[in-house]
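Notes to accompany the following structure.
The values are calculated or read from the model by the stated rules, or taken from the named source; none is laboratory data. This one's a predicted model, so the numbers in the text were calculated from it and none came from an experiment. Using ideal geometry, Cβ is built from the backbone for each residue, glycine included, and neighbour counts are taken over all protein chains shown.
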C-alpha cells in the first residue's frame with residue numbers, strides 16, 4: 001500500500017468501472033460490483049486489491065495470489081485462483097497503468113506563489129499555476145495554465161511552457177520551449193550551452209550556441225538529465241518521448257516521436273533519431289548519425305554508424321543482435337577449445 005504521507009489514493013471503485021477504465025473485459029459479469037480499494041504487486045496483493053500478470057515467469061505466483069482481482073491475458077484464465085476475479089486484456093500492463101492512474105491521478109497544482117519565489121513583472125502565467133518557494137520565473141517567460149514549478153527551479157528569460165507542465169525542484173530551463181503536459185524531474189538542465197568549440201593549440205575557441213531546445217507534448221524527462229540547446233539550429237525532442245535519469249543529449253540532436261531512452265545514455269551532437277526508437281542503459285551514440293524508425297539498441301551498445309529502420313542492435317561497435325550473439329557463441333567455443341588444448345600440454 002502506498003504511503004499516504006506521499007500519495008493520495010482515490011476509490012474504492014467497482015470492478016466493472018475499472019474494467020472500462022482499463023479497456024479490459026470482465027471474465028465474469030457477476031463480479032462487476034466487487035469493490036476494489038487499491039492496487040498492489042502480484043505477490044503481496046490481498047483482499048480488496050487488484051494486481052496484474054504480464055510476464056509468464058510469474059504464472060505460478062499468479063496461480064497462488066490472494067488478490068481480490070487481477071488483470072491477465074485470456075490464455076491464463078485457467079490458472080487463476082477460484083476466489084480472484086479476472087479482468088481479461090491482451091495488454092495487461094497497459095490496462096493496469098490506466099487503472100493505476102484512476103487510483104493515483106497526477107497531482108493538481110496548488111495555485112499561488114510560494115514564499116521567496118520571484119516572478120518577473122513581464123512574465124505571464126496561465127490559470128491555476130503553482131510557483132513553489134524559492135522558484136524564479138524570469139523576464140518574458142510564459143507559463144500555460146495549470147503549470148507547477150518546483151522549489152528553487154529557474155525558468156529563464158523568454159522560456160515558454162505549454163499547459164499542464166510539471167517542473168521539478170532545482171530544474172533550470174533556458175532557451176527552450178515546452179509543449180503541453182511536459183514533466184521534467186528534479187535537477188534536470190534544459191537549454192544550456194552545447195559542447196561546441198573550434199580546436200586551437202593556443203586555446204580552444206568557443207562557438208556561440210544560438211539555437212533552442214524544443215520539447216513536444218507529453219514528454220517525460222528524468223532527474224539530472226541534460227539537453228543542450230542547438231548551435232545553429234534547434235535541438236528537438238519529439239512528442240511523447242520518455243527520457244530516463246542521467247541522460248545527456250547534445251546540441252542539434254533531433255528525436256522523433258515516442259522514443260524511449262534509458263539512464264546514462266549519451267547522444268552526441270547533430271544525430272537524428274527516428275520515431276519510436278528505444279535505447280537501453282549506457283548506450284553511446286557518435287555524432288552526425290541517422291538512426292531509423294523503430295530501432296532498438298541494447299544496453300551498453302556503442303553506435304558509430306547509421307542504423308537502418310527496424311533493426312535491433314547490440315555491442316560496441318553495435319551490430320544486428322543475432323550477429324552479436326553468434327560472435328559471442330563463437331568466442332566461447334574458441335576459448336573452450338583453447339582450454340582443452342592447454343590441458344593436453346605437458
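Brief remarks follow.
- Test for residue 261: is it within 14 Å of the chain's Cα centre (by Cα), free of Cβ contacts under 8 Å to residues at least 24 places away in the same chain and either within 17 Å of residue 185 (Cα to Cα) or in the same structural domain as residue 158 (by TED's automatic domain parsing) (or both): yes
- Look at (1) part of a loop (DSSP other than H, G, I, E, B); (2) modelled with pLDDT of 95 or more; (3) assigned by TED's automatic domain parsing to the domain that holds residue 19 and you find that residue 50 fails only one, number (1).
- Filter pass, residue 71 being in contact (Cβ under 8 Å) with a residue 24 or more places away in the chain, in a helix (DSSP H, G or I) and within 25 Å of residue 4 (Cα to Cα): no
- Condition met for residue 133 (touching a residue at least 40 places away in the same chain (Cβ under 8 Å) and over 21 Å from residue 181 (Cβ atoms)): no
- Put simply, of 95, 124, 132 the only residue that is more than 17 Å from residue 174 (Cα to Cα) and outside the structural domain of residue 27 (by TED's automatic domain parsing) is 132.
- Among the residues of region 77-87, not a single one is within 22 Å of the chain's Cα centre (by Cα), part of a loop (DSSP other than H, G, I, E, B) and modelled with pLDDT of 95 or more.
- Answer residue from region 79-110, given it is more than 30 Å from residue 53 (Cβ to Cβ) and touching a strand residue (DSSP E or B) at 6+ places or on another chain (Cβ under 6 Å) and is surrounded by the most Cβ atoms within 10 Å (Cβ to Cβ) among those: 109
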